[in-house]
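Note sheet for the following structure.
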Amino acid sequence: MNIVVLLKAVPVVGTERLGSDLLTDRSVQLEANGNDEYLLEKALKLADAHGAEVTVLTVGPAGATEPLRKALAMGAACAVHVADDAIRGSDTRATVEILTAALRKLTFDLAFVGADTSDGQGGVVGAAVAVKLGLPYLSYASEIEPTDTGVRIHRLTTTGYDVLEAPTPAVVMGTQLLGAPRYPSLRGIMQARTKPMDGWTLADLGIDAASVGAASSTTKTLDADRPPERAGATFVREAPDMAVAQLVDFLASRRLI
Amino acid sequence: MAEIWAVGEVADGQPTKLTLELATLARRLAEASGGQARTLIVAEGAQQAASAVAPYGPVTAVEADASGRPVALVVAPRVSALLARRQPSFVLVGASNDGKDIAGMLVGLTDLPILYNGAAVDWADTAPRVEMSTFGGKLVTHSTFNGTRGIVVVRAASVTAEPAATAGQVEVVTLDGISELPAVKVVDSITEAGAAAPIEEARIIVGGGRGVGSPEGFRMIEALAEALGGAVGATRAVVDAGWIGYSQQIGQTGKIVKPALYVACGISGAIQHKVGVQTAGTIVAINRDPDAPIAEFADLFVVGDVFEIVPRLTEAINARKSAG
């Protein structure tokens, strides 16, 4: 069984910033998107249990190498890094095109994606890629198990979960409930140094550079500002009974109770 | 003269609250652009759900056999077929789990441009202008489309749902020859006992963090939520600890919510949590540590022990209610 994990290299949470062109500055230190690491962990667990081979795939700048190397140290067998100067500033449509082309070049039974990314929070790319590939899409998984002919997942609902089944190959989007990612072992870190990391360009994927990137973007950011400051907290430091009385008055004054 | 559509969602035969918000938003954008608004309801029993949307504007009902299939697999190809037939300018989709699946599938099916994570949407000349809160709330950005068509994924509570001055008509459309997406089967549907009230659309949320101490500590959080008529939320730390289900998690890897009131109990306010709740109307923090980061985005900060404050607050609210 082959599993490809789509892993986005995002700015370390808390350090994100926009460049003067209003695009996310990706020259800062990058880390694996937190929601993608749950899928990597699940893929590695399936690899341990079923002898799967795990490939991590990213589209991103040079700094994405580091999180890819970490994924290899955690246990992925190989990494694919799609990098091209022309990609910067790509919109969702172009991102989907690039990921779809990259996945077409890989052989897999399951492609895993995280629920969304810390820098974009879209949560739509996995579904779009699945449609483009003509593959089943199963989302919001809290559990993923291979079956004889395909894959079975638990999809979270507001009251519990649905059990979904589809033939493979399939694209599966999963959640944090799949389990916390492991830490790379010292041995894993050593082994990662010799594991294959393929670099692909747009030309390797047969994509015209003019069809992606900021120049061809169908959307644009108009402005970015700091959010209006909240007025700042009023502190209540009285003893509990008095504090609660003040709190109740406050809620009543705002018509919240 | 833009035609603006909203893609509705149905739960238990009725349109969701988010659907009525989208219908309202579509109408406002249409008014601003001098165009028309329309809400699509694709579901089993679409006509009945559509009639509940009609007070908010014109509705198109598409009856669809949804049995044994995930919602998005039923909705996306039918919306796509209608998009191809009628070529509306912009389509609003809700940022629910099903909505995001539908939006992603529509991108795959139509190659339409998309903007997502919209906290507010207004009209700017030729296209919607979408406000998003990015990078953990450090920035508020506005984005728009370069062209005159696109999809906008809109979060809950971007507007307050408001019926139109004149109710819309329900149009029933039959779609034949739909090319379905690759099949996924729903083989079972499990309801977990004691599932908590959903937080996505709650007007009031009481959140608990590590400071609540234990799974038992959540009983007092639940009691306060019940007194306030709200839902229970939680931080990632306590969800990871198994004190409460993931469905209640607020924050970067959980849900982004916008209640009128958020009461944060024993929550320090780490950035990952802040992302999920910072746009709440009013934020009250109850925490022993006045230097906790939540002080930066709370409106009222009660410095005290949650075990002393929360039960007293519950009691005071219940007493107030029974006093009428």
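State whether the residues of segment A:8-25 include one that is surrounded by 19 or more Cβ atoms within 10 Å (Cβ to Cβ), away from every other protein chain (no Cβ under 12 Å) and either of a type in the set (Ser, Thr, Tyr) or under 15 Å from the mean Cα position of the chain (by Cα) (or both). Scanning segment A:8-25, I find at least one residue that is surrounded by 19 or more Cβ atoms within 10 Å (Cβ to Cβ), away from every other protein chain (no Cβ under 12 Å) and either of a type in the set (Ser, Thr, Tyr) or under 15 Å from the mean Cα position of the chain (by Cα) (or both), so the answer is yes.
In the condition set (1) at pLDDT below 95; (2) over 27 Å from residue B:97 (Cβ atoms), residue A:82 is compliant with all but (1).
Evaluate the following for residue B:160: is it closer than 19 Å to residue B:277 by Cα, in contact with a Ser or Thr (Cβ under 8 Å, 6 or more places away or on another chain), more than 7 Å from chain A (Cβ to nearest Cβ) and in contact (Cβ under 8 Å) with a residue 24 or more places away in the chain? It is true that residue B:160 is closer than 19 Å to residue B:277 by Cα, in contact with a Ser or Thr (Cβ under 8 Å, 6 or more places away or on another chain), more than 7 Å from chain A (Cβ to nearest Cβ) and in contact (Cβ under 8 Å) with a residue 24 or more places away in the chain.
Of all residues in segment B:204-257, those that are of a type outside the set (A, V, I, L, M) and not in a loop (DSSP other than H, G, I, E, B) total 17. When each of B:202, B:237, B:193, B:197 is tested for being of a type in the set (Gly, Ala, Ser) and either within 30 Å of residue B:58 (Cβ to Cβ) or at pLDDT 95 or above (or both), the lone residue that passes is B:202. Tallying residues that are out of contact with any Lys or Arg (no Cβ under 8 Å at 6 or more places or on another chain) and assigned to a helix (DSSP H, G or I) within segment A:38-63 yields 12.
What about residue B:269, is it part of a loop (DSSP other than H, G, I, E, B), more than 15 Å from residue A:176 (Cβ to Cβ) and either free of Cβ contacts under 8 Å to residues at least 40 places away in the same chain or at the interface with another protein chain (Cβ under 10 Å from one of its Cβ atoms) (or both)? When the stated conditions are applied, residue B:269 passes them.
Looking at A:186, A:177, A:202, can you tell me which residue is more than 11 Å from chain B (Cβ to nearest Cβ) and surrounded by 15 or more Cβ atoms within 10 Å (Cβ to Cβ)?
Of the residues listed, the single one that is more than 11 Å from chain B (Cβ to nearest Cβ) and surrounded by 15 or more Cβ atoms within 10 Å (Cβ to Cβ) is A:202.
Note on segment B:1-19: among residues that are small (Gly, Ala, Ser) and crowded, with 20+ Cβ neighbours inside 10 Å, the one that is farthest from residue B:127 (Cα to Cα) is B:8. Can you find a residue in segment B:135-152 that is more than 9 Å from chain A (Cβ to nearest Cβ), within 15 Å of residue A:121 (Cβ to Cβ), outside any strand (DSSP E or B) and not charged (D, E, K, R)? No, segment B:135-152 contains no residue that is more than 9 Å from chain A (Cβ to nearest Cβ), within 15 Å of residue A:121 (Cβ to Cβ), outside any strand (DSSP E or B) and not charged (D, E, K, R). For segment B:23-107, the strands (runs of 3 or more DSSP E) that sit wholly inside it and include 1 or more residues that are in contact with a Phe, Trp or Tyr (Cβ under 9 Å, 6 or more places away or on another chain), of a type in the set (Ser, Thr, Tyr) and assigned by TED's automatic domain parsing to the domain that holds residue B:117 are B:36-43, B:59-63. No other residue among B:207, B:233, B:211, B:217 is touching an Asp or Glu at 6+ places or on another chain (Cβ under 9 Å) and surrounded by 18 or more Cβ atoms within 10 Å (Cβ to Cβ) apart from B:211.
For segment A:36-56, the count of residues that are closer than 27 Å to residue B:145 by Cβ and either crowded, with 19+ Cβ neighbours inside 10 Å or within 14 Å of chain B (Cβ to nearest Cβ) (or both) is zero. Here segment A:103-132 is the region considered, the condition is being surrounded by fewer than 22 Cβ atoms within 10 Å (Cβ to Cβ) and at pLDDT 95 or above, and the residue that is farthest from residue A:19 (Cα to Cα) is A:109.
The single condition from (1) more than 20 Å from residue A:156 (Cα to Cα); (2) of a type in the set (Gly, Ala, Ser); (3) without any contact (Cβ under 8 Å) to a residue 60 or more places away in the chain that residue B:2 fails is (3). Being under 22 Å from residue B:170 (Cβ atoms) and either of a type in the set (D, E, K, R) or touching a Cys at 6+ places or on another chain (Cβ under 8 Å) (or both) is a property that holds for residue B:86.
Of all residues in segment B:190-203, those satisfying the criterion of being surrounded by 13 or more Cβ atoms within 10 Å (Cβ to Cβ) and either in a strand (DSSP E or B) or not hydrophobic (A, V, I, L, M, F, W, C) (or both) are B:198, B:200, B:201, B:203. For segment B:279-324, a residue qualifies if it is under 13 Å from residue A:234 (Cβ atoms) and among the β-branched types (Val, Ile, Thr), and the qualifying residues are B:282, B:283, B:284, B:302, B:303. The single condition among (1) at pLDDT below 95; (2) within 23 Å of residue A:92 (Cβ to Cβ); (3) not small (Gly, Ala, Ser) that residue B:88 does not satisfy is (1). Against the numbered list (1) touching a residue at least 60 places away in the same chain (Cβ under 8 Å); (2) in contact with a helix residue (DSSP H, G or I) (Cβ under 7 Å, 6 or more places away or on another chain); (3) facing chain B (nearest Cβ under 8 Å), residue A:96 comes up short only at (1).
Looking across segment B:290-308, the residues that are more than 7 Å from every other protein chain (Cβ to nearest Cβ) and in a loop (DSSP other than H, G, I, E, B) come down to B:291, B:292, B:305.
The values are calculated or read from the model by the stated rules, or taken from the named source; none is laboratory data. These numbers come from a predicted model, not from an experiment. Note that we place each Cβ from the backbone using ideal geometry, even for glycine, and neighbour counts take in every protein chain shown.
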